[in-house]
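Each remark here refers to the structure printed beneath this line.
Quick note: the coordinates plus some simple rules give every number you see, no bench work behind them. All of these numbers come straight from a predicted model, not from anything done at the bench. No Cβ is skipped: glycine too gets one built from the backbone with ideal geometry, and neighbour counts run over all protein chains shown.
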Amino acid sequence: MDNIKIPTHVGIILDGNGRWAKERGLKRTAGHLAGYKNLLKLSKYVLDKGTKYLSVFAFSTENFNRPQEEVDYLMDLFIKGFNEDRSYFKKENIRVVFSGRRNRLSDKVVAAMDKMEDETKDNTLGTLNICLNYGGRAEIVDAVNKIIKDNKKDITEEDFKKYLYNDLPDIDYMIRTSGELRISNFMLWQISYAELYFPKCYFPDFNEKEYDKALEEFTKRDRRFGGLNNHEQS
Ligand code: FPP
């Protein structure tokens, strides 16, 4: 397909790691490791194609309700992954930021996140926004509480945006892998006008080829933002 459209901000709900592992007779945690490795490669691919922001849902506030063994595995993966792969993000010129509440995360996880943010802050290829201990409603409520603390009486949408966790544009294209048709509290403010795409494959299998298919689909979409499209205007 010619003239592929490139979304400025892509969001991905990384779903299906557990099922990917189960189908291979592996433990669910093996699926998370495969998902993490896929994310390293995929984030570079997405940003190399010209997208400036990629937001991914790594861990929701509700994910703390999973079996303790799985939560512990994921937390260890975050510590080890962020510490070991900082050099990868530096080499690839990717800025990494985190969205979510820092409470309930161990000092080691928070330290690995802080170091990652600090050491990649001047990178310019694009931004990988990792949502960790994140909830979309919590982000809005946290913003409202900051606004109250600032003694604001009246606020516009543009002002409100400044109180969200990170300074990001709206999401243009929201992808959820594994065929589930839900938003699950992911970036509720930012997806207002996003095009939605639900490929069947599990996240560890959502590779470069699958992403190219996703871009072809995005290119076909007629985005209206509540107005009329080009054909309807005359
Ligand atoms: C959903 O699959 C995935 C998660 C809850 C965790 C996502 C984590 C990773 C991809 C690894 C770490 C990523 C980062 C960014 C550090 P699921 O367990 O819900 O799968 P299932 O629906 O098949 O059970």
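Residue by residue, here is whether (1) in a helix (DSSP H, G or I); (2) basic (Lys, Arg) holds:
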| position | (1), (2) |
| --- | --- |
| Tyr88 | yes, no |
| Asp118 | yes, no |
| Thr124 | no, no |
| Thr127 | no, no |
| Cys131 | no, no |
| Arg137 | yes, yes |
| Asp142 | yes, no |
| Asn151 | no, no |
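What pairs can you find where one residue is in the stretch 139-150 and within 18 Å of Thr61 (Cα to Cα), the other is of a type outside the set (Ser, Thr, Tyr) and in a helix (DSSP H, G or I), and their Cβ atoms are less than 7 Å apart, with a gap of 6+ or different chains?
Ala143/Phe160
Return only the number of the condition from (1) buried (at least 16 other Cβ atoms within 10 Å of the Cβ); (2) within 11 Å of the ligand (Cβ to nearest atom) that Val71 does not satisfy.
(1)
Which count do you get for residues in the stretch 12-69 that are in contact (Cβ under 8 Å) with a residue 60 or more places away in the chain, closer than 23 Å to Gly136 by Cα and of a type in the set (Ser, Thr, Tyr)?
So the answer is 6.
Just give me the residues in the stretch 61-76 being within 15 Å of Lys27 (Cα to Cα) and either in contact with a Ser or Thr (Cβ under 9 Å, 6 or more places away or on another chain) or in a helix (DSSP H, G or I) (or both), in sequence order.
Of everything in the stretch 61-76, those that are within 15 Å of Lys27 (Cα to Cα) and either in contact with a Ser or Thr (Cβ under 9 Å, 6 or more places away or on another chain) or in a helix (DSSP H, G or I) (or both) turn out to be Gln68, Glu69, Glu70, Val71, Asp72, Tyr73, Leu74.
Filter the stretch 76-113 down to residues that are more than 11 Å from the ligand (Cβ to nearest atom), buried (at least 19 other Cβ atoms within 10 Å of the Cβ) and over 10 Å from Asn133 (Cβ atoms), then give me how many there are.
Residues that pass the stated criteria total 4.
With the requirement that a residue be within 26 Å of Gly100 (Cα to Cα) and either under 12 Å from the mean Cα position of the chain (by Cα) or among the aliphatic types (A, V, I, L, M) (or both), what does the stretch 186-216 give you?
Phe186, Met187, Leu188, Gln190, Ile191, Ala194, Leu196
When the stretch 47-60 is examined, which residues are found to be aliphatic (A, V, I, L, M) and either assigned to a loop (DSSP other than H, G, I, E, B) or more than 13 Å from the ligand (Cβ to nearest atom) (or both)?
Hit for the stretch 47-60 is Leu47, nothing else.
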